[in-house]
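Undergrad: Just passing along the structure, written as C-alpha cells.
The values are calculated or read from the model by the stated rules, or taken from the named source; none is laboratory data. What you see is a predicted model; the values in this text were computed from it and never measured. Positions of Cβ are generated from backbone atoms using ideal geometry, with glycine treated the same way; all protein chains shown enter the neighbour counts. The area values use the complete protein model at the heavy-atom level, side chains included, leaving out ligands, DNA and RNA. Shrake-Rupley method; radii C 1.70, N 1.55, O 1.52, S 1.80 Å.
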Amino acid sequence: MGEVALECRGLRKSFGGVHAVDGLDLSFESGTVTALVGPNGAGKTTLFHLICGALRCDNGDVLYRGRRINGLPPWATARLGIGRLFQDVRVFGSLTVLENLLVGFPDQEGEAPLVALLGRGRVSRREADHKVKALQWLGLVGLADRSSALAGSLSFGQQKLLAIARLLAGGADVLLLDEPTAGVHPTLVDRLLTVIRRLAGEGRTVILIEHNTSVVLGVADWVYFLDEGQVASFGLPAEVLADPSVRAAFAGLGGRRQ
Amino acid sequence: MNYIWHILVMISIYAVLAASLNLVAGYTGLLSLCHAAFYGIGAYATTLLMMQMGLGFFPAMALAVPLTALLSLLIAIPSLRLRGDYFVLATLGFQIIVFSLLYNCVRLTRGPYGIPGIPIPSLFGVPVDTVFKYFLFSTTISTGALAILWLLIRSPFGRLLRAVRDDEVAAAALGKNVPAVKTMAFALGAGLAAIPGAMFAGYMRYIDPTSFTVGETIFILSAVVIGGAGSFWGPLVGSAFLVALPEALRLIQIPDAVAANLRQVTYGLLLVVLMRIRPRGIMGEYEFK
Ligand SMILES: Nc1ncnc2c1ncn2[C@@H]1O[C@H](COP(=O)(O)OP(=O)(O)OP(=O)(O)O)[C@@H](O)[C@H]1O
Ligand SMILES: [Mg+2]
C-alpha cells in the first residue's frame, strides 16, 4: 500500500437546491488507479472541479499530501501536481497539435516576456528539448504524424488523446481523468489503458471517471460508486461491479452514451 | 515627393499602433478599446519629458514606455477579472477618462490648445528635420518595435497568449496564471503603444487631445481587424491600407470636404463588407467571437 496522495473529507457542494456533492469522504493512494463510477448527475465532474479548485466547496477539505488545498485557484493546484483531463476535452483549437503539447510543460522561463527577449539561446535550447519529448508523447497516443495540424481540426477522439498527451507532458503527479476513453477509437483504448497502468506503476495517482465496465475492470485498483453526491459503495472493481444496484446503474447508461 | 514620405511616416506610426493592439486583442483575445489612450499618454509623456525636463527624444521615449505600461495597470488590474463584455466597457471608460484628463488638466497639457513647439528629435547630433529624414527615422524605430513584437509572438510567451485566448480554463489547468498572463500582455501592448506616441509627437511637433479619441481607438482597431487579428503581418497591411485609402480618394479628385466624410463612410462600409466576406481579415488568423 502506498501513502495517501489525495484525500477528500466531508466535501459538500450544492447548486441552488441540488446537492451535487453531498458529504464525500474519499482517499486515493499513490501508485494506484481509482475509478469513480455512477449515473449521470452523480457529482463526479463536480468532485473534480472541487479538487482542482475550479469550484469552491461549501464544506469540507481537500488534502494533497496532507496539505489543505481547497481555496487555491486551479493554476496553483496544477502547479502542485494535480493535472486534469476535462470531460469536454478543451484543446487549444487554433494552436497546432505540437504547440498544444509545448504549452503543457511546466515552469517555462520563455513564458516570461523579458526572458523570451533576452534569454533567447537558453529558451530555444529548452524548446528543442521539449519538442523531442512532446513528439514522444504524441507517438504514444498515435498522433505523431498530425503534429502540425491545428488541434481544432482533429476529431473528438483525437482531441481527447491530444489532451491526454498534453497532460502527460506536464508531468502531473495526480491525474484526474474525466471519461478518458469515451469517444476514443477502440484500438487506442487498449493503448490508453497501458499508459494509465504505467503511470500508476511510476507511483502516480490516477483517478478516472469511467462509464465502461470493462475499462474499470481492466485498469482500476479501487472503485467508488457514487450516487446523488454520496459514496454508495467502495471496494475492488469485481466486488463493486457485482453489486446488483451498481449493475443496474451501468445498464441504464448503455443507451444514453453515443 | 514629400507627400509620399509623409504617408509612409504615418504608416510606420500606425503599423506599431495596430501591431501592439494586436498583441492584446488578436493574440490574447482581449478586446481593448483604450489603445488611443496609451498612444496619447506616450505622446504627452514624451513631449513633457522633453520640454519640461529637457530630455532628448530617445531618453524621453524610453521613459514614456514603462510609464505608459505602469499606467495601464490602473485599468488592467481591476478590470481583467471582469467577464469579457465588462472588460470591453471598462477599457472604453478608461479611454474616455484619459481623453478628458488630457483635455482638462490644462496646467499640464494646455488642454484644447495643445502643446506646440515640440523640439525636433535628433540622432547622433543630426536633427531629423525633413520629412524624408523623418521617414528614415520613424521606419527605423518602428522596425525595432515590430522586431520586439515578432520575437515575443514567436516565443513561448506568444504561444501562451494564444493558448489563453483559445481556452483560459484549460490554460489554468496546466498551471498557467491566466490573470497574470493577461495583465502582462495588456501592459506590454500599452507600453509599446507609447512608441508611436513619441514618433507622432516628434513628427508633428504639436499635439492636442483630439488625436487620441475613441474614434482613434476604433481606427486602430479597424486596422487590426481589416488586416487580420492574430497574424503578425495583418495589422501592418491593415494600417497601410487604412492610411493610404483617403490619399487614394484624394487622387481621384474628390474635394476635401467631401473626402473627409466619404472617408468615414468608406471605413464603415469596408468593415461591414470585409467582415461579411472575410471575417478573419485580409491575413486573418483569429475571429472575434
Ligand atoms: N454549474 C452548475 N450549476 C448548477 N448545477 C450544476 C452545475 N454543475 C453541475 N450541476 C448539477 O450537479 C449535479 C452533478 O453534476 P456533475 O456534472 O458533477 O455529474 P456527473 O456525475 O459528472 O455526470 P455525467 O456522468 O453526466 O458527467 C447534476 O445534477 C448537475 O445538474
Ligand atoms: Mg461528468
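Undergrad: Search region A:47-63 for residues being near ligand 1 (Cβ under 8 Å from one of its atoms) and without any contact (Cβ under 8 Å) to a residue 60 or more places away in the chain, and hand back the single one that is nearest to A:GLU228 (Cα to Cα).
TA: Result: A:HIS49.
Undergrad: Tell me yes or no: at least one residue of region A:122-129 is open to solvent by 20 Å² or more (accessible area, probe 1.4 Å), touching a Leu at 6+ places or on another chain (Cβ under 8 Å) and of a type outside the set (D, E, K, R).
TA: Step one: filter region A:122-129 for residues open to solvent by 20 Å² or more (accessible area, probe 1.4 Å), giving A:122, A:124-129.
Cutting the leftovers down to touching a Leu at 6+ places or on another chain (Cβ under 8 Å) gives us A:127.
Those still in the list that are of a type outside the set (D, E, K, R) too: none.
So far as region A:122-129 goes, no, none of its residues is open to solvent by 20 Å² or more (accessible area, probe 1.4 Å), touching a Leu at 6+ places or on another chain (Cβ under 8 Å) and of a type outside the set (D, E, K, R).
Undergrad: If A:LEU36 satisfies all but one of (1) in contact with a helix residue (DSSP H, G or I) (Cβ under 7 Å, 6 or more places away or on another chain); (2) part of a strand (DSSP E or B); (3) open to solvent by 20 Å² or more (accessible area, probe 1.4 Å); (4) not acidic (Asp, Glu), what's the number of the condition it fails?
TA: (3)
Undergrad: Still on this model: Taking B:VAL225, is it within 14 Å of another protein chain (Cβ to nearest Cβ), hydrophobic (A, V, I, L, M, F, W, C) and farther than 17 Å from B:PRO66 by Cα?
TA: Numbers: within 14 Å of another protein chain (Cβ to nearest Cβ): no; hydrophobic (A, V, I, L, M, F, W, C): yes; farther than 17 Å from B:PRO66 by Cα: yes.
Considered against the rule, which asks whether it is within 14 Å of another protein chain (Cβ to nearest Cβ), hydrophobic (A, V, I, L, M, F, W, C) and farther than 17 Å from B:PRO66 by Cα, B:VAL225 comes out as no.
Undergrad: Residues A:PHE225, A:PHE156: which one is touching a helix residue (DSSP H, G or I) at 6+ places or on another chain (Cβ under 7 Å) and within 16 Å of ligand 1 (Cβ to nearest atom)? So that I can check it myself, show each step before the final result.
TA: Numbers: A:PHE156 fails: touching a helix residue (DSSP H, G or I) at 6+ places or on another chain (Cβ under 7 Å).
Sole residue among the options that is touching a helix residue (DSSP H, G or I) at 6+ places or on another chain (Cβ under 7 Å) and within 16 Å of ligand 1 (Cβ to nearest atom): A:PHE225.
Undergrad: Counting just the residues of region B:163-177 that are surrounded by fewer than 22 Cβ atoms within 10 Å (Cβ to Cβ) and in a helix (DSSP H, G or I), which one comes out nearest to the chain's Cα centre (by Cα)?
TA: That would be B:ASP166.
Undergrad: Any residue at all in region A:11-31 that's over 25 Å from A:ARG198 (Cα atoms), within 16 Å of ligand 2 (Cβ to nearest atom) and within 14 Å of another protein chain (Cβ to nearest Cβ)?
TA: no
Undergrad: Pairs, please: C-beta under 6 Å, at least 6 apart or cross-chain, first residue not acidic (Asp, Glu) and in region B:165-176, second not in a helix (DSSP H, G or I)?
TA: Close Cβ pairs satisfying both conditions: B:ARG165/B:THR28; B:ARG165/B:GLY29; B:ALA170/A:ARG90; B:ALA173/A:ARG84; B:LEU174/A:GLY170; B:GLY175/A:PRO106.
Undergrad: Here is a check on your reading of the model: is B:GLY189 within 14 Å of another protein chain (Cβ to nearest Cβ) and open to solvent by less than 20 Å² (accessible area, probe 1.4 Å)?
TA: Here the answer is yes, as B:GLY189 does meet what is asked.
Undergrad: If B:PHE124 passes every condition in (1) modelled with pLDDT under 95; (2) under 17 Å from the mean Cα position of the chain (by Cα) but one, which one does it miss?
TA: Of everything listed in (1) modelled with pLDDT under 95; (2) under 17 Å from the mean Cα position of the chain (by Cα), B:PHE124 misses just condition (2).
Undergrad: So, in region A:148-207, how many residues would count as being open to solvent by less than 40 Å² (accessible area, probe 1.4 Å), assigned to a strand (DSSP E or B) and either more than 14 Å from A:GLN87 (Cα to Cα) or away from chain B (no Cβ under 14 Å) (or both)?
TA: 4
Undergrad: Would you mind finding the one in B:LEU242, B:LEU146, B:LEU151 that is within 9 Å of another protein chain (Cβ to nearest Cβ) and in contact with a helix residue (DSSP H, G or I) (Cβ under 7 Å, 6 or more places away or on another chain)?
TA: On the way: B:LEU242 fails: within 9 Å of another protein chain (Cβ to nearest Cβ); B:LEU146 fails: within 9 Å of another protein chain (Cβ to nearest Cβ).
Selected residue: B:LEU151, the only one of B:LEU242, B:LEU146, B:LEU151 that is within 9 Å of another protein chain (Cβ to nearest Cβ) and in contact with a helix residue (DSSP H, G or I) (Cβ under 7 Å, 6 or more places away or on another chain).
Undergrad: I'd like to check something: does region B:197-207 contain any residue that is closer than 30 Å to A:LEU85 by Cβ, open to solvent by less than 10 Å² (accessible area, probe 1.4 Å) and either within 14 Å of another protein chain (Cβ to nearest Cβ) or at pLDDT 95 or above (or both)?
TA: Step one: filter region B:197-207 for residues closer than 30 Å to A:LEU85 by Cβ, giving none.
No, region B:197-207 contains no residue that is closer than 30 Å to A:LEU85 by Cβ, open to solvent by less than 10 Å² (accessible area, probe 1.4 Å) and either within 14 Å of another protein chain (Cβ to nearest Cβ) or at pLDDT 95 or above (or both).
Undergrad: Need pairs with beta-carbon distance below 8 Å; first residue closer than 19 Å to B:ALA60 by Cα and within region B:182-194, second modelled with pLDDT under 95 and not in a helix (DSSP H, G or I); sequence gap 6+ or separate chains.
TA: Short answer, once both residue conditions are applied: B:GLY189/B:SER32.
Undergrad: Let me ask something else about it. Please work out which residue is nearest to B:PHE157 (Cα to Cα), limiting yourself to region A:65-118 and to residues that are within 16 Å of ligand 2 (Cβ to nearest atom) and of a type outside the set (A, V, I, L, M). Quick ask: steps written out before the conclusion?
TA: First pass over region A:65-118, keeping only residues within 16 Å of ligand 2 (Cβ to nearest atom): A:84-90.
Narrowing further to those that are of a type outside the set (A, V, I, L, M): A:84, A:86-88, A:90.
On the way: A:ARG84: 22, A:PHE86: 24, A:GLN87: 27, A:ASP88: 26, A:ARG90: 20 Å.
Taking the candidates together, the pick is A:ARG90.
Undergrad: Any residue that is in contact with a helix residue (DSSP H, G or I) (Cβ under 9 Å, 6 or more places away or on another chain), in a loop (DSSP other than H, G, I, E, B) and in contact (Cβ under 8 Å) with a residue 40 or more places away in the chain - is there at least one of those in region A:98-120?
TA: For region A:98-120, residues in contact with a helix residue (DSSP H, G or I) (Cβ under 9 Å, 6 or more places away or on another chain), in a loop (DSSP other than H, G, I, E, B) and in contact (Cβ under 8 Å) with a residue 40 or more places away in the chain: present.
Undergrad: A further question follows. Scan region A:71-93 for residues that are crowded, with 20+ Cβ neighbours inside 10 Å and on the phi < 0 side of the Ramachandran plot and jot them down.
TA: A:PRO74, A:TRP75, A:THR77, A:ALA78, A:ILE82, A:GLY83, A:ARG84, A:LEU85, A:PHE86, A:VAL91, A:PHE92
Undergrad: Now, a different point. Please go through (1) closer than 30 Å to A:HIS19 by Cα; (2) crowded, with 22+ Cβ neighbours inside 10 Å for A:TRP222 and return the number of the only condition it doesn't satisfy.
TA: (2)
Undergrad: Considering region A:40-79 alone, what residues qualify as being small (Gly, Ala, Ser), within 14 Å of chain B (Cβ to nearest Cβ) and either touching a His at 6+ places or on another chain (Cβ under 8 Å) or more than 16 Å from A:ARG9 (Cα to Cα) (or both)? Full working, then the answer.
TA: The first filter runs over region A:40-79 and keeps only residues small (Gly, Ala, Ser), leaving A:41-43, A:53-54, A:60, A:66, A:71, A:76, A:78.
Of the ones still in play, those that are also within 14 Å of chain B (Cβ to nearest Cβ) are A:53-54, A:76, A:78.
Within region A:40-79, A:ALA54, A:ALA76, A:ALA78 meet the criteria.
Undergrad: Listed residues A:PHE234, A:PHE156; which is without any contact (Cβ under 8 Å) to a residue 24 or more places away in the chain, aromatic (Phe, Trp, Tyr) and under 23 Å from A:PRO39 (Cβ atoms)? Explain how you work it out, then say what you get.
TA: Numbers: A:PHE156 fails: without any contact (Cβ under 8 Å) to a residue 24 or more places away in the chain.
Criteria check complete, one pass: A:PHE234.
Undergrad: Another one. Residue check: is A:VAL37 more than 9 Å from chain B (Cβ to nearest Cβ), within 10 Å of ligand 1 (Cβ to nearest atom) and within 21 Å of A:THR205 (Cβ to Cβ)?
TA: Against the criterion (more than 9 Å from chain B (Cβ to nearest Cβ), within 10 Å of ligand 1 (Cβ to nearest atom) and within 21 Å of A:THR205 (Cβ to Cβ)), A:VAL37 qualifies.
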